[in-house]
1. Has the stretch 156-163 got at least one residue that is more than 13 Å from ligand 1 (Cβ to nearest atom), in contact (Cβ under 8 Å) with a residue 24 or more places away in the chain, of a type outside the set (Gly, Ala, Ser) and out of contact with any Ser or Thr (no Cβ under 9 Å at 6 or more places or on another chain)?
2. Based on this model, can you work out whether Ile35 counts as in a helix (DSSP H, G or I) and either crowded, with 20+ Cβ neighbours inside 10 Å or within 16 Å of ligand 1 (Cβ to nearest atom) (or both)?
3. Only residues in the stretch 213-226 that are on the phi < 0 side of the Ramachandran plot count as the first member; pair them with residues that are charged (D, E, K, R) and not in a helix (DSSP H, G or I), Cβ under 6 angstrom, at least 6 apart or cross-chain, and list the lot.
4. Identify, please: which residue in the stretch 128-145 is part of a strand (DSSP E or B) and farther than 17 Å from Phe55 by Cα and is, among those, most open to solvent (accessible area, probe 1.4 Å)?
5. Please verify whether the stretch 75-84 includes one or more residues that are aliphatic (A, V, I, L, M), farther than 19 Å from Gln204 by Cα, under 14 Å from the mean Cα position of the chain (by Cα) and within 15 Å of ligand 2 (Cβ to nearest atom).
6. Out of the stretch 149-171, which residues are more than 19 Å from the chain's Cα centre (by Cα) and exposed (fewer than 14 other Cβ atoms within 10 Å of the Cβ)?
7. Any idea how many residues of the stretch 206-243 are within 16 Å of ligand 2 (Cβ to nearest atom), in a helix (DSSP H, G or I) and either among the hydrophobic types (A, V, I, L, M, F, W, C) or surrounded by fewer than 16 Cβ atoms within 10 Å (Cβ to Cβ) (or both)?
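The values are calculated or read from the model by the stated rules, or taken from the named source; none is laboratory data. The structure presented is a predicted model; accordingly, all values stated were derived computationally and were not measured. Reconstructed Cβ throughout: ideal geometry from the backbone, glycine too, with neighbour counts over all protein chains shown. Keep in mind that these areas ignore ligands, DNA and RNA; they rest on the heavy atoms of the full protein, side chains included. Shrake-Rupley method; radii C 1.70, N 1.55, O 1.52, S 1.80 Å.
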Amino acid sequence: METAENFLEDVPSQDLMTELLRRMKCATKPDKRLILIGPPGSGKGTQSPIIKEEFCLCHLAPGDMLRAAVAKKTPVGLEAKKAMEKGQLVPDNLVVGMINEALEKPSCKKGFILDGFPRTVVQAQKLDEMLERKGVKVDKVLNFAIDDAILEERITGRWIHPASGRTYHSKYAPPKVPGIDDVTGETLIQRKDDTPDVLKSRLQAFHQQTEPVIDYYRKKSILENLHADKPPHEVTAEIKKVL
Ligand code: ADP
Ligand code: AMP
C-alpha cells in the first residue's frame, strides 16, 4: 500500500525543501477570499498565478476545469461541450457543483481566487450560501474593467499550456520559443473558442448575465475596479494596492 512516507521517499529533496519553505512563508499570510470578474481576455488568468503565489491561495477557474472535463469526456464535460463551443454559459448547477467540491481542497485552506465564477446572479447567491455554511465570506471582488474593442486582439493572440493554465500572447507575452511552454517545453495550444466569432457570443453573455453580478458586489461594498487595459505589470501593481 502507498503510504505518505514511501510516497515522499521518491520526491526530490529540492522539491521537498521548496514546498517546506513555501508552507513556512504561507503560515504568516492572512486568509483571503477573492473573486475576479471581467470579460474574456481581460487578464484574469494572467494575474491569478501572481496573486495565488503572493497570498498562498488556490486558483479555481471553472473554464479550465470544464475544458479538462470535455477532454476526458466525463458526464459534466459531455453536458458542457456544446454551450462552450458556442460561447454560451453552461447551466448554473454544473459549475456550482464543481466549485463547491473544489473549495474543499486542502490548497484552499488559506482562501481562494475564483477566476470566472460567479458569472450569473444565481451563481453569486449560491456561492454566498456555500460560504455561509463554512462560516466565511468573500473579502474582495476585482473588476477587470476594459473596453470590448481591445479584447479581440488579446483573445486571438492567446496561447495556453493546458496542463498548468499558463497563458501567453503572440505579441504581448510571447513564449521564448514560439508555440512552446517556457517551463515544461511542451506544446502550447490555441483555444477552439478563441475566435472573433465565438468571442461575440461570449461578450454578449458577459454583458447580459455577468455584468449584473458586478452590481451585486458593488452593493455589498466589496468591489474594486481595475484598469485592465493597462500593461500587465501595471495591473499587478493596482491589484497589490487594493489587496
Ligand atoms: P482572461 O483569463 O481574463 O480570459 P487572459 O489572462 O488569458 O484573460 O489574457 C488574455 C490574453 O491577453 C492572453 O494572451 C494574455 O497573455 C494577454 N494579456 C493579459 N493581460 C494583458 C495586458 N494587461 N496587456 C496585454 N495583454 C494581456
Ligand atoms: P473561460 O475559460 O473563463 O473563458 O470559460 C470558457 C467557457 O466555459 C465559457 O464560455 C462558458 O461556456 C464556460 N464557463 C466558464 N465559467 C462558467 C461559469 N461560471 N458559468 C457558466 N459557464 C462557465
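1. no
2. Against the criterion (in a helix (DSSP H, G or I) and either crowded, with 20+ Cβ neighbours inside 10 Å or within 16 Å of ligand 1 (Cβ to nearest atom) (or both)), Ile35 does not qualify.
3. Ile222/Lys140; Glu224/Lys140
4. Filtering first and then ranking leaves Ala145.
5. No, because not a single residue in the stretch 75-84 is aliphatic (A, V, I, L, M), farther than 19 Å from Gln204 by Cα, under 14 Å from the mean Cα position of the chain (by Cα) and within 15 Å of ligand 2 (Cβ to nearest atom).
6. Passing the criteria: Ala149, Lys171.
7. 7
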